[in-house]
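Have a look at the structure below, then the notes.
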Amino acid sequence: MSQILVIGASGKTGRHVVTGLITRGATVRAASRTPEKLDLEEVYRVRFDWHDESTWGPAIEGIEGVYLVKPESADVVEVVGRFLEEVKTAGVVRVVLLSEGATQTRPDHIAERHVERVVEASDLEWTILRPSWYMDDLVDEDFFGTMIRNDRVIVMTTGGSATAWIDARDIAEVAAEILVNGGAARQALNLTGPEALTLDQLAKRITATAGPVEGVEESVAEAQKRMRADGLDEGFVTYITRISESIVEGNTAIVTGEVARVTARPPRNIDTFLAEHESQLRPSGKVRSETHAEQALRCARNNEALFRRQISAWAGNKIDDLVDCYASSIVYRDMPFPDEPISGKAAFREHMKGYNALFADGQVEVELVTLTASGTNVVGELRCHARYVGPGAPEEGAPVSWYATLIDTVVDGEIVSEHAYFDPATFDRAVQQVTS
């Protein structure tokens, strides 16, 4: 491949794709609605407007590969479909589509997944890139940049789940390598950085580089209310809500090795990125002090997120992730047996391993019935379902449902004590119903 069209050549990934292509010896045609404003060297500039189809033909004439960044348009699926037909007619061989992380988890009628389907149905040598959240958005004025620099907070909806942040340069390197040298044909690649970070871990990394920054957990409803108050259109609110829900569900916490596999080098880590952008993360002026009410609300949100993360880890039998939610001095009490407290992480880990072993595959389905959080405590009522395989259970186990209430005390983002209320006779009754 030597003639490559880069759509969105001035964008977050596009400008790096241009560089990556040039270093690999390709001839680059940089596309933009205003090509005269492109500050790029060693490229051919060409006008390209998704909403002016007369610009498509001249842009793709003689081109062998396309870096495709889809338009922001209500009819995006139809527009991309028409473009791909013209691309095929022009003799283009290879297309790399920049999509989004976890798109594969969304229904086919959702626009971002629908566009992928259109690309997959083409006769082209296509590759779809699904990157996790960009590190670059941490300094972007339209995302987190202003709140980090001026308000010293980063507000997200995560439910306590992690995100494997990725540098835009790594996305671009993958795209450039595939466009020039091939590989990954008719594949969708999930691209991530080298580690997944919770909101609290992310805030601590930023703090270590650029001074104190707090992670503030925001519910989906709170985020929607804020975005609407900021005058954002309903389509954008719905789009961001999908991303937030994907994070909460844990879809962004999976770290892949695709960047290293394609480029033969590891992806950049977030500490390197933060160090390079330190000046953009530090306060630009006087920082407004947080009120006591704001501080209390922030702590309550963070504690609620911690509780949700704890329950998700327990339900999925992820014992290490569960134990990470607790302080080293944790004191845990099963309230039906108040005289048998468990102290310390090591003892708590063994207790929970044994407890989860009472259920098939260690798995429990959990429904949060009620959840109340303050700056120091969380109270949650759970409705649990599992297949009990503990003492007395038949070989196939016994289905069991029970309610439990947890009361947690939280200090500095860690649970220091927990009281668990439930009826242990529930399990005996479940066994009796199966064996009688």
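The values are calculated or read from the model by the stated rules, or taken from the named source; none is laboratory data. Since we're looking at a predicted model, the values are computed, not measured. All Cβ positions, glycine included, derive from the backbone under ideal geometry; neighbour counts span all protein chains shown. The accessibility values were calculated without ligands, DNA or RNA, using every heavy atom of the protein model including side chains. Shrake-Rupley method; radii C 1.70, N 1.55, O 1.52, S 1.80 Å.
Quick notes on this one:
- Potential lengthening between Thr23 and Lys37 on full extension [0.36 nm per residue; Cα-Cα distance subtracted]: 2.8 nm
- When you restrict to C-alpha pairs under 8 Å that are six or more residues apart and normalise by the size of the stretch 82-143, the relative contact order lands at 41 percent.
- Dipole of the chain, positive end: most advanced residue of Gln280, Leu189, Ser329 [Cβ charges, Cα centre]: Gln280
- The stretch 184-280 - percent relative contact order, Cα under 8 Å, separation 6 or more: 45 percent
- Whether the stretch 186-265 is rounded, prolate or oblate, judged on the alpha carbon gyration tensor where a/c under 1.5 counts as rounded: oblate
- Computed log₁₀ I(q)/I(0) - Debye formula, equal Cα scatterers, no solvent, the stretch 152-285, q 0.10, 0.12, 0.13, 0.16 Å⁻¹: -0.41, -0.59, -0.68, -0.97
- Taking Cα centre as origin and charging only the Cβ of basic (Lys, Arg, +1) and acidic (Asp, Glu, -1) residues, the dipole magnitude of the chain rounds to 560 debye.
- Out-of-range pairs (alpha-carbon distance over 25 Å; input Lys37/Lys70; Lys70/Lys204; Lys12/Lys37; Lys12/Lys318; Lys225/Lys318; Lys204/Lys225): Lys70/Lys204; Lys12/Lys318; Lys225/Lys318; Lys204/Lys225
- Zone residues, the stretch 126-148, relative to Gln280, backbone N less than 14 Å from point 7 Å out along Cα-to-Cβ: 134-148
- Measuring spread by the Cα atoms of the stretch 273-399 yields a radius of gyration and Dmax of 19.7, 67 Å.
- Look at where the Cα atoms of the stretch 337-399 and of the stretch 148-167 average out, and the two centres are 30 Å apart.
- Along the stretch 314-330 the Karplus relation, 6.51 cos²θ - 1.76 cosθ + 1.60 evaluated at θ = phi - 60°, assigns HN-Hα couplings of 5, 4, x, 6, 9, 5, 5, 5, 5, 5, 5, 7, 10, 6, 4, 9, 3 Hz to successive residues, with x for each Gly and Pro.
- Convex hull per residue volume in Å³, alpha carbons only, for the chain: 172 Å³
- Computed over the chain, relative contact order equals 11 percent, with contacts defined as Cα pairs under 8 Å that lie 6+ residues apart.
- To put it simply, the accessible area of the stretch 1-150 at a 1.4 Å probe is 47 percent carbon and sulfur.
- Once backbone amide H atoms are built at 1.01 Å from N, Val95 has Val66, Glu125, Trp126, Thr127 as its partners under 5 Å, excluding neighbours fewer than 5 places away on the same chain.
- The residue among Tyr355, Cys299, Pro338 whose Cα reaches farthest toward the positive pole of the charge dipole of the stretch 280-370, with charges on the beta-carbon of Lys, Arg, Asp and Glu, is Cys299.
- Summed side-chain charge close to Cys325 - residues other than Cys325 whose Cβ falls under 11 Å, Lys, Arg +1, Asp, Glu -1: -3
- Largest first and in whole Å, the equivalent-ellipsoid semi-axes of the stretch 160-211 read 30, 13, 5, each the square root of five times a Cα gyration tensor eigenvalue.
- Degrees, to the nearest 10: 76-89 long Cα axis against longest axis of the chain: 40 degrees
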